Amino acid sequence: MTDQKNQWKTLDKDLRRIGQLEYATQYVGRPLVGFGVALAFIVLAAAVAAIFMGWTESGVIVIAAAAFGAYMAINIGANDVANNMGPAVGANALTLGGAIVIAAIFESAGALLAGGDVVATISTGIIAPDAVGDTRLFVWAMMAALISSALWINLATWIGAPVSTTHAVVGGVLGAGIVAAGFAAVNWPSIGAIAASWVISPVLGGVIAAGFLAFIKSRIIYRDDKIAAARVWVPVLIGIMMGAFATYLSIKGLSRVMSIGLMNALLIGLVIGAASYAVSSPIVRRQSRELENRNRSLKKLFAIPLVISAALLSFAHGANDVANAVGPLAAIVHATQSGDIGASVAIPTWVMVIGAFGITFGLVLFGPKLIRMVGSQITKLNPMRAYCVSLSAAITVIVASWLGLPVSSTHIAVGAVFGVGFFREWDAERRARNNAAKPNSKPRLAPEERQRRKLVRRSHFMTIIAAWIITVPATAGLSALVFFGLSTFLA
């Protein structure tokens, strides 16, 4: 009987070891699933290109470009979409799974329904089209830009740095264009404007986000009756948000459907903002009836507007940034089919589909890392702070369009997160000084302890700023090497 019990104990131990081995195998193999699905999508994109282009010499070039275009789209989904969904996830207004589902739907919808119909073949005039001359050299230049920008965004995602995909593509075109046509072919004023956006975008986004957070704190959070103040101001903020996003989408996301000037877009935003205020005011009053007079209650009033803003940001991102993934691919398709280099080309539907689904696959497979970083690792966000970040992203684009300033949506969103965090630091220091001046107050913390309790992680700040600064030079250098290799060995 004792021997039988020992046998069962031994069997149980062996089964537990097998179970632990299976669990370890699943844990190790989980990342490989993502890479496998991504590789399958890249192969599928190449197969689609083969169906449309055939296996001719020019068709093989397009097939290779389609594979790299799919790779680029996956990397954009992994890196860029975090800017839209990160704040909502960090504020616990959305679960990570819910954010991925919403982003996947709205990114695809934006790319397919309102994606750019016409794309400048040399990325907004970075290189003069007639400077390259030879169509074959132009194709290699676009291929090099696609490969180098995709590799750089992949590296940035791996180190946890949200970078501008537009800047990566521009840098890729710049490097290949210089090798193909020389420095004289470069539109240096455009490069200067891009360099200016490194500063303009995050500063403007941060200032606007900090301004709205200061407004919310002074008008709602620091009031004695927070709920009564919220009933007054939350509908106003919702109206501003909906009006801003209506204007933003009119300017940036509906170019395929119709052409809308800034004044007409502002008028559309004004009408929708007023309607949103009228609709949200009774809803906020009803939601706030049973709420306690404390900050935690306020988070419930901002949760739904924050989810809506994240979805609208994803739609606008899909409409605009799908061109970063497939613009060079569309240029290659046009050049191989027509044999000439046009000033602009239409993006074929099958190319647009590759871009839309590639962004979605990249988001689902590899997006959680950057979503967590933007949402919770730079600074702690709650629904009010995250709301300010999302609202800042829309308003900054509108202000920049009005002033004619170049901006990056990635830099705006991340700059807004930093702006919120640095404002919190300043506000905490200000309140600590005021409390220290009161009688019988607790002594202030030592400078070393205050430094340790900073609300913005400086390590992430330096990593992201460094990645922003070197994006264009890095992709330009990498693209130059790739172009040299392609033009030398495949000429």
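The values are calculated or read from the model by the stated rules, or taken from the named source; none is laboratory data. Quantities reported herein were computed from a predicted structural model and do not represent experimental measurements. We place every Cβ from the backbone using ideal geometry, glycine too, and count neighbours over all the protein chains shown.
Brief remarks on what is shown
- Subset tally (residues that are under 26 Å from Gly172 (Cα atoms), of a type outside the set (Ser, Thr, Tyr) and touching a helix residue (DSSP H, G or I) at 6+ places or on another chain (Cβ under 7 Å)) for the stretch 30-63: 13
- Residues in the stretch 38-58 that are touching a residue at least 40 places away in the same chain (Cβ under 8 Å) and either closer than 25 Å to Arg136 by Cβ or among the hydroxyl-bearing types (Ser, Thr, Tyr) (or both): 6 in all.
- Screening Ala181, Ala161 for residues that are touching a strand residue (DSSP E or B) at 6+ places or on another chain (Cβ under 8 Å) and surrounded by fewer than 24 Cβ atoms within 10 Å (Cβ to Cβ) leaves exactly one candidate, Ala181.
- Verdict on Val62 being part of a helix (DSSP H, G or I), buried (at least 22 other Cβ atoms within 10 Å of the Cβ) and either among the hydrophobic types (A, V, I, L, M, F, W, C) or at pLDDT below 80 (or both): yes
- Taken over the stretch 349-394, the criterion of being charged (D, E, K, R) and either buried (at least 24 other Cβ atoms within 10 Å of the Cβ) or without any contact (Cβ under 8 Å) to a residue 12 or more places away in the chain (or both) is satisfied by Arg385 alone.
- Any hit, the stretch 312-328, residues being surrounded by fewer than 15 Cβ atoms within 10 Å (Cβ to Cβ) and either among the acidic types (Asp, Glu) or closer than 23 Å to Asn92 by Cα (or both): no
- Whenever a residue of the stretch 192-204 is within 14 Å of Thr410 (Cβ to Cβ), its partners that are part of a helix (DSSP H, G or I) and aromatic (Phe, Trp, Tyr), lying with C-beta atoms within less than 7 angstrom and at least six residues away or across chains, give the pairs Trp198/Trp468; Pro202/Phe418.
- Among the residues of the stretch 76-86, those identified as assigned to a helix (DSSP H, G or I) and either modelled with pLDDT of 90 or more or out of contact with any Phe, Trp or Tyr (no Cβ under 8 Å at 6 or more places or on another chain) (or both) are Ile76, Asn79, Ala82, Asn83, Asn84, Met85, Gly86.
- Of the helices (runs of 4 or more DSSP H) lying entirely inside the stretch 289-398, not one contains at least 2 residues that are of a type in the set (Asp, Glu) and touching a Pro at 6+ places or on another chain (Cβ under 9 Å).
- Test result for Ser281, in contact with a Pro (Cβ under 7 Å, 6 or more places away or on another chain) and in a helix (DSSP H, G or I): yes
- Among the residues of this structure, Ser392 counts as one that is at pLDDT 80 or above and either closer than 30 Å to Ile260 by Cβ or of a type in the set (Gly, Ala, Ser) (or both).
- Qualifying residue in the stretch 181-195 (condition: in contact with a helix residue (DSSP H, G or I) (Cβ under 6 Å, 6 or more places away or on another chain), outside any helix (DSSP H, G or I) and not small (Gly, Ala, Ser)): no
- Residue satisfying all of: in the stretch 399-419; among the polar types (S, T, N, Q) and in a helix (DSSP H, G or I); modelled with the lowest pLDDT among these: Ser401
- The single condition from (1) farther than 23 Å from Trp233 by Cβ; (2) in contact with a Leu (Cβ under 7 Å, 6 or more places away or on another chain); (3) part of a helix (DSSP H, G or I); (4) not aromatic (Phe, Trp, Tyr) that Ala265 fails is (2).
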